[in-house]
Amino acid sequence: AAAAPAPAAAAPAPAAAAPAPAAVAPAPAAAAGRIVATPYAKKLAKKHKVDINTVRGTGLNGRITAIDIETAAGVPPTPKAGAAPAAAPAKAAPAAAKAAPVAPPAPVGTITPLAPMQAAVAKNMLPSLSVPVSRVAMKICTDEFDKLYATLKPKGVTMTALLTKAVGVALAQHPLMFSTYVDGQGIIYNDKVNIAVAVALPSGLITPVLKDTAGTDVYQLGRDWSALVKKARGSGLAPADYAGGTFTISNMGMFGVSAFDAILPPGQTAILAVGGSEKTVVPVNGMIGVKTIMTVNCTADHRHVNGDVVAAFLVTLKETIENPSSLTL
């Protein structure tokens with residue numbers, strides 16, 4: 001067997017630590033018979049009858065300062081001119097009033113039946129959750145879209161109407177996104193983009209439908225939507241008002257929600273969850289700029305729509321919203 005390597009030579013003893021440098025004493029106050037002191041220090045020396053020749057300066061290059069003279073005289077330092085007096089401790093802010101708890105609308109510990117509208121929502125949720133879905137998100141700049149809305153709002157066009165118009169125009173270029181899947185059989189393609197829009201009411205959630213959003217002008221959509229909302233909050237919607245949707249939008253941006261996922265409604269291919277717009281610092285032409293950005297999340301039936309199809313639709317929607325001039329044609 002090969003011989004074991006010889007042990008390594010012992011490391012040399014560490015060199016003796018160098019002596020610590022001696023502390024530098026302050027320079028003497030007098031240099032070649034000349035007193036190095038500030039004018040104010042000389043004035044204070046006369047005032048307090050301090051022999052300036054016996055004082056060592058702590059200033060630059062041993063210069064005697066006013067503090068050196070006051071220290072030698074045993075008097076407290078003079079506050080600097082213009083120095084603000086010490087602030088008094090701030091008074092503690094009064095405690096915010098405690099919010100009173102909200103009383104339940106029914107006796108506690110009892111079963112309260114759901115309102116018919118909410119009962120219908122509950123009935124539809126379980127079938128929805130049995131569908132395999134994909135979720136795809138996209139950030140969209142809304143600066144130009146917001147400018148367009150500012151010009152249309154005085155003419156009766158709501159943000160919902162303008163948004164459904166943009167989504168309808170984008171969907172028209174992706175027919176699979178507003179098709180209908182028939183379990184075990186195949187796909188039915190629809191000729192119109194009918195968009196259901198979620199509306200929250202005290203009695204539950206309902207989704208009035210704006211018909212043919214791609215082919216109807218934005219002004220008519222504004223009038224149609226105003227009429228639907230008035231009916232929903234008044235006498236009530238007729239079944240025809242919330243039937244026939246081929247795509248759904250749920251918008252919670254008005255609540256300050258930045259992003260969320262929505263549950264796919266039964267019988268539809270996809271739903272778009274719209275978050276609120278936020279001022280965001282972004283790179284612009286190699287520099288830093290601020291743009292208004294919103295996040296949309298699309299949930300789609302993965303049985304017949306793959307993620308790349310959803311992504312392609314969102315790219316089209318992004319282009320439509322960021323360049324919205326065609327929406328008023």
Worksheet item: Along the charge dipole of region 276-329, which of 286, 309, 297 sits closest to the positive end, that is, farthest toward it, with unit charges on the beta carbon of Lys, Arg, Asp and Glu (+1, +1, -1, -1)?
Response: 286
Fill in: Vicinal HN-Hα couplings computed from phi for region 182-187 (Karplus, 6.51 cos²θ - 1.76 cosθ + 1.60; Hz; Gly/Pro x)
9, 4, x, 10, x, 10
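Report the gain in length on full extension from residue 110 to residue 287: 0.36 nm times residue separation, minus Cα-Cα distance, nm rounded to one decimal.
Values: separation 177, 0.36 × 177 = 63.72 nm, distance 6.08 nm.
That works out to 57.6 nm of additional length.
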Practice prompt. At 1.4 Å probe size, with no ligands or nucleic acids counted, give the accessible surface of residue 264 in Å², nearest ten.
Written response: 10 Å²
Worksheet entry | For region 128-220, with +1 on Lys and Arg beta carbons and -1 on Asp and Glu, the positive-most of 138, 156, 209 along the dipole | 156
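Given Cβ point charges of +1 (Lys, Arg) and -1 (Asp, Glu) and nothing else, what value in debye, to the nearest 20, does the dipole of region 112-183 about its Cα centre take? Mind showing how you got there, number by number?
On the way: 7 positive and 4 negative charges, 30 e Å.
Magnitude of the dipole: close to 140 debye.
Expected output is a single nm value to one decimal: the length gained when fully extending between residue 135 and residue 217, i.e. 0.36 nm times separation in residues minus the C-alpha distance. What is it?
Working: separation 82, 0.36 × 82 = 29.52 nm, distance 2.99 nm.
Result for the pair: 26.5 nm of gain on full extension.
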Response to the item:
Phi-derived 3J(HN,Hα) across region 197-213 with the Karplus relation (6.51, -1.76, 1.60, θ = phi - 60°), rounded Hz, x for Gly and Pro, is 10, 5, 10, 8, 10, x, 8, x, 10, 9, 10, x, 10, 8, 8, 6, 5
Discussion item. With a 1.4 Å probe and all protein chains kept in place, how do 298, 141 rank by accessible area, largest first?
Written reply: 141, 298
Discussion item. List the residues, sorted by chain then number, that are 5 or more residues from residue 257 or on another chain and whose placed amide H is less than 5 Å from its amide H.
Written reply: 276
Practice prompt. May I ask for the net charge around residue 309, where only other residues with Cβ less than 14 Å from the Cβ of residue 309 are counted and Lys, Arg are +1 while Asp, Glu are -1?
Written response: 0
Discussion item. If I model a spin label at residue 318 and residue 38 as a point 7 Å from the Cα along the Cα→Cβ vector, what separation in nanometres do I get?
Written reply: 6.2 nm
Discussion item. Taking θ = phi - 60°, what integer Hz values does the Karplus form 6.51 cos²θ - 1.76 cosθ + 1.60 yield along region 64-73, in sequence order, with x for Gly and Pro?
Written reply: 7, 10, 4, 5, 4, 5, 5, 5, 5, 7
Practice prompt. Could you please state, rounded to a whole Å, how far the C-alpha centre of region 255-283 is from the C-alpha centre of region 48-81?
Written response: 70 Å
Practice prompt. Starting from the Cα of residue 58, step 7 Å along the direction of its Cβ; do the same at residue 227; then give the gap between the two resulting points in nm.
Written response: 8.7 nm
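Quick check on region 221-284: what does the Kirkwood estimate of hydrodynamic radius come out to from the alpha carbon pairs, in Å?
Details: mean 1/r = 0.0699 Å⁻¹.
Over region 221-284, the inverse of the mean reciprocal pair distance is 14.3 Å.
The values are calculated or read from the model by the stated rules, or taken from the named source; none is laboratory data. Just so you know, these numbers come straight off a predicted model, no measurement behind them. Because the Cβ atoms are built from the backbone with ideal geometry, glycine has one as well, and the counts that use them run over all protein chains shown. All accessible areas refer to the heavy atoms of the entire protein, side chains included, with ligands and DNA or RNA removed. Shrake-Rupley method; radii C 1.70, N 1.55, O 1.52, S 1.80 Å.
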